[in-house]
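Here is the structure we will look at, set down as C-alpha cells.
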Amino acid sequence: MQLRLDKRIKSWPPKWSRGGEGKSHTTSRSVYQFLHQHDPETTTSPLGEESLLKAVDPSVAWDHVTLTVEYQGETFRGRLLSEDRSFMFQLYQRLLKECLGKTMTEVGGLEINF
C-alpha cells in the first residue's frame, strides 16, 4: 500500500506552514493560498507534490514526524501524524530518512509493507 493511502497516517497530505532553519512560523499558509499568489500559468504543480523533502525530524513521543520541504525557493514544514507509534518509528527508520531530496509525489508513492 502506498504511504499516501495508508490509514495509519492521519494527515496526508500534510498541512504546510512556512518555516525554516529550525523555526516554524505561526502564520499558517495553505497550499491553495501559496499557489494562488503566483501566476497560475507558471505554477502547474501543487506544493505538496512537487516540493523536495529536505529534512525529517521525529517527535520524542513518536506520534508524528515533521517534514521540511522546499518549493520554489521557499521552505515549508508539515507533520505526518499517527496514533500508531510503532508504525511511525518504522516509517522513519525504514523509509523517510532515506527520502531526502525526493519529491513529495515520490514520498507519497512509497510502498509500505509493515
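The values are calculated or read from the model by the stated rules, or taken from the named source; none is laboratory data. The structure presented is a predicted model; accordingly, all values stated were derived computationally and were not measured. Every residue, glycine as well, gets a Cβ built from its backbone with ideal geometry; the counts of neighbours run over all protein chains shown.
Residues are listed down the side, and each one gets a yes or a no for (1) in contact with a helix residue (DSSP H, G or I) (Cβ under 7 Å, 6 or more places away or on another chain); (2) small (Gly, Ala, Ser); (3) without any contact (Cβ under 8 Å) to a residue 12 or more places away in the chain:
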| residue | (1), (2), (3) |
| --- | --- |
| 71 | yes, no, no |
| 75 | no, no, no |
| 78 | no, yes, no |
| 83 | no, no, no |
| 92 | no, no, no |
| 95 | no, no, no |
| 101 | no, yes, no |
| 104 | yes, no, no |
Completion exercise
Of the residues in segment 79-90, those that are surrounded by 17 or more Cβ atoms within 10 Å (Cβ to Cβ) and either more than 13 Å from the chain's Cα centre (by Cα) or polar (S, T, N, Q) (or both) number 2
Handout entry: Verdict on residue 54 being in contact with a strand residue (DSSP E or B) (Cβ under 6 Å, 6 or more places away or on another chain) and in a helix (DSSP H, G or I)
Key = no
Practice task
Within segment 45-55, identify whether any single residue is under 24 Å from residue 84 (Cα atoms), of a type outside the set (D, E, K, R) and at pLDDT 90 or above, and answer yes or no.
Solution key: yes
